[in-house]
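Nothing in this text is a laboratory measurement; each read-out follows from the coordinates by a stated rule. Given the structure is predicted, the values throughout are model-derived calculations rather than measurements. Using ideal geometry, Cβ is built from the backbone for each residue, glycine included, and neighbour counts are taken over all protein chains shown.
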Amino acid sequence: MLGPSGTGKSVFLKSLVGLLKPEKGSIVLNDVDIVRTSEHKLYEVRKLFGVLFQDGALFGSMNLYDNIAFPLREHTKKSESEIRRIVLEKMDMVGLAGTETKLPGEISGGMRKRAGIARALVLDPEVILFDEPDSGLDPVRVAYLNQLIVDLNAQIDATFLIVTHDIGTARTVPDNLGLLFRRNLVMFGPREQLLTSQEPVVRQFLNGRREGPIGMSEEKDVAQVEAEMAALEARGGDSHNGVGPKGASGGDAVPPQLEPTEGLPERKAARRRQERVARMLHEFDEHTAEAIRKSLPEDLLAQVDSGAFSPTRGSRGRHWAPEPDARGAEPQVSGATVTAVLPRQGGAG
Amino acid sequence: MTATDEPKAPGLFDGRFSPTRPLAASGNLFAFALDTVRALPKRPFQIREFIQQTWFVASVTILPTALVAIPFGAVIALQLGSLARQLGAQSFTGSAAVLAVLREASPIVTALLIAGAGGSAICADLGARKIRDEIDAMEVLGISPIQRLVVPRVLASMLVAVLLNGLVSVVGVAGGYFFNVILQGGTPGAYLASFSALAQVADFWSGEAKALIFGLIAAIVAAYKGLRAGGGPKGVGDAVNQSVVITFLLLFAVNFVITAIYFQLVPPKGQ
């Protein structure tokens, strides 16, 4: 999930876990409407979520071990030795082995983030939300964190929703991308759709340039935008615009997605997504379709060309695109109806 | 998006002087208090947190309370000593001093210190957690901050208030005795003998009941303000400030009501 600052990304995340109540609309997870459900049910639903807050939001009075053990101690009747096993396993997963007794105030921002991830993971959540995992980290640590996210997705097959400003992350990590602007979801779809999109807001954001509809504080007027775009075209457009900040690069190239580290199981979500986008292929424009075709394996390409699809047996989740009449099931954060339906098990979002 | 969804331009006062605002604020505080009361019997009870908080609140309040209680008892003894002499009722000096300390002085001193020292500490602690997203994180982990954090603090503050009230009563009466007998040259026997002339045991219990309720109010207001702190470190400072002021206002109002009820329920001695 991308979007300029102040367009409601954090509010969207907080609404998803029921910390904020939207004035209108509904948020449905596993048939429970988070907006209208009782306080008691809400606490039950939240156990399905793991959330990484911007600064990790660790409990300052506890050391890392107690922080990560906290949800287990509160929610499960597991023995202390079992808790110890789980906590050490998760700490190892995020590369924090050996720092159990450190206090959150004593460690670096990157370590706090990873500890926050470990704490979000201990209850085996089905949906994991990341609020700007890259903020305040150096590019190397961001690269490691992104790899960690992909590896985790391969290992636990949960739905990941990442809110970020880092275009490099957005280009290489997720299966699907969404862009919020002025409290509206401008576009949501497979990564190829946004990366090749000609929509001015999307293009401006992904290329990290000043020319376009997004202004410093508010929207710009149409004449100014047109003048800027003309000047940009005169210079040769995005492909000659050079490199933008935060990993933004010129043009609409679709870089290859990050793969899990060798030795880990294959990401189940990858195949599910391929089957889903193959079915949706005819809905996209030429550039997008071409980019998607490049990412598809041969058996699916054959199915696309023949027009007959058969889902892979035995893998969980939503394999196929929703029928055209169910298209409203995707997160729409607009004024009139706010609906966010999360699939029970899905790919990295 | 329909026309009514368009954001409105900010008005002159932006609803700051809306007549319903104080109503909404007190309603929210009351709803919070009800939530806390509802969470009281819920299992599992956070016994560790309760003990830690009791110790914490006691440690920040005991010394200041004792130090305030001595001069407070002395002032009451001085005032009543001279008043009794003017009225020609020296034999009731001790009784009047005990009455004043037990019924009013002791719960009020307790309340001021519970609110000023204990409540502000609770509010600052919760406010700091709130702005660091710790409270949100706790809620997202499926744990109610009211049950996990607020309930133990409220109970701890009530317990400490009751104990402190006992401490203030003893120290206040002893201070009054010291000033009346040693410094003003009163008669020790008459001072002690008159204790039970006007005062009764019910006065002590009413003082303890007041302290219990003051402890409850102070902790609930502090927790309410702390959990709603926002806007960075300054927000925490504002929350602490507001919580102390609101608690004081509430305490004196509630004190008046309790005292009025007490006089209806327990007739004063000698009538």
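Panel values: region B:88-135, Kirkwood radius from alpha carbon pairs, Stokes-Einstein at 20 °C and 1.002 mPa s, translational diffusion coefficient 159 µm²/s.
Straight-line cross-link partners of residue A:90 among the aspartates and glutamates, defined as a Cα under 12 Å from its Cα and at least 8 positions apart when in the same chain: A:100, A:124. How big is the gap, in Å, between the Cα center of region B:15-40 and the Cα center of region A:132-205? Result: 40 Å between the Cα centres.
For a paramagnetic label modelled on residue B:202 (point 7 Å from Cα along Cα→Cβ), amide N atoms under 12 Å away are absent within region B:85-121.
Counting Cβ atoms of other protein chains within 10 Å of each residue's Cβ and taking the mean over peptide B:55-61 gives 0. Exposure proxy for A:217, B:206: other Cβ atoms within 10 Å of each Cβ, ordered fewest to most, give A:217, B:206. Taken over the C-alpha atoms, region B:125-168 has Rg and Dmax values of 13.9, 43 angstrom. Note on B:137-150: average number of Cβ atoms from other chains within 10 Å of each residue's Cβ is 6.
So what is the relative contact order of region A:1-147, in percent, for Cα pairs below 8 Å that sit 6 or more residues apart?
On the way: 166 pairs, mean separation 43.6, N = 147.
It rounds to 30 percent for region A:1-147.
For the set A:47/A:102; A:14/B:42; B:130/B:234; A:9/A:47; A:21/A:41, the pairs lying more than 24 angstrom apart at their alpha carbons are A:47/A:102; A:14/B:42.
As a rough guide to protection, the peptides B:86-94, A:176-184 ranked by mean Cβ packing within 10 Å, highest first, stand as A:176-184, B:86-94.
Can you give me the convex hull volume of the Cα atoms of region B:131-221, divided per residue and expressed in Å³? Walk me through the numbers on the way to the answer.
Values: hull volume 10.3 nm³, N = 91.
Considering the Cα atoms of region B:131-221, their hull volume per residue is 113 Å³.
Taking the inverse of the mean 1/r over every pair of distinct Cα atoms in the protein assembly as shown gives a Kirkwood hydrodynamic radius of 28.7 Å.
Among A:62, B:138, a tally of other beta-carbon atoms within 10 Å of each Cβ gives an order, fewest to most, of A:62, B:138. Between the amide H of residue A:128 and those of A:50, A:159, A:160, A:161, distances stay under 5 Å, these residues lying 5 or more places away or on another chain, with hydrogens modeled in the peptide plane. Remark: A:228, A:82 ranked as A:82, A:228, counting other beta-carbon atoms within 10 Å and listing the fewest first. So if I take the centroid of the Cα atoms in region A:64-128 and the same for region B:64-136, what is the distance between those two points in Å? Here the two parts' Cα centres lie 46 Å apart.
Peptides A:37-50, A:201-214, B:42-55 ranked from most to least packed by the mean count of surrounding Cβ atoms within 10 Å: A:201-214, A:37-50, B:42-55. With a 10 Å cut-off around each Cβ of A:53-59, the average count of Cβ atoms from other chains is 5.
What number, rounded to the nearest 500 deg cm²/dmol, is the helix-based mean residue ellipticity at 222 nm of the protein assembly as shown, given -39500 (n - 2.57) per DSSP H run of at least four residues and division by all its residues?
-17000 deg cm²/dmol
Computed on the Cα atoms alone, the convex hull of region A:1-92 gives a volume of 150 cubic angstrom per residue.
Would you list the membrane-span-like helices of chain B, meaning whole DSSP H runs whose alpha-carbon atoms span at least 18 Å along their axis and whose mean Kyte-Doolittle value is at least 1.0? Membrane-span-like by this rule: B:47-87, B:151-177, B:201-227, B:232-265.
Specify whether the C-alpha gyration tensor of region A:113-219 places it in the rounded, prolate or oblate class, a ≥ b ≥ c being the square roots of the eigenvalues: rounded for a/c under 1.5, otherwise prolate if a/b is larger than b/c and oblate if not. Because a/c hits 1.5 or more and a/b exceeds b/c, region A:113-219 counts as prolate. Among A:108-114, A:192-198, the peptide with the highest mean count of other Cβ atoms within 10 Å heads the list, and the full ranking is A:192-198, A:108-114.
Put simply, the convex hull of the Cα atoms in region B:63-265 casts, on average, a shadow of 12.4 nm².
Normalised radius of gyration for region B:206-268, please: alpha carbon Rg relative to 2.2 N^0.38 Å, two decimal places.
In units of the globular-protein estimate, region B:206-268 measures up at 1.41.
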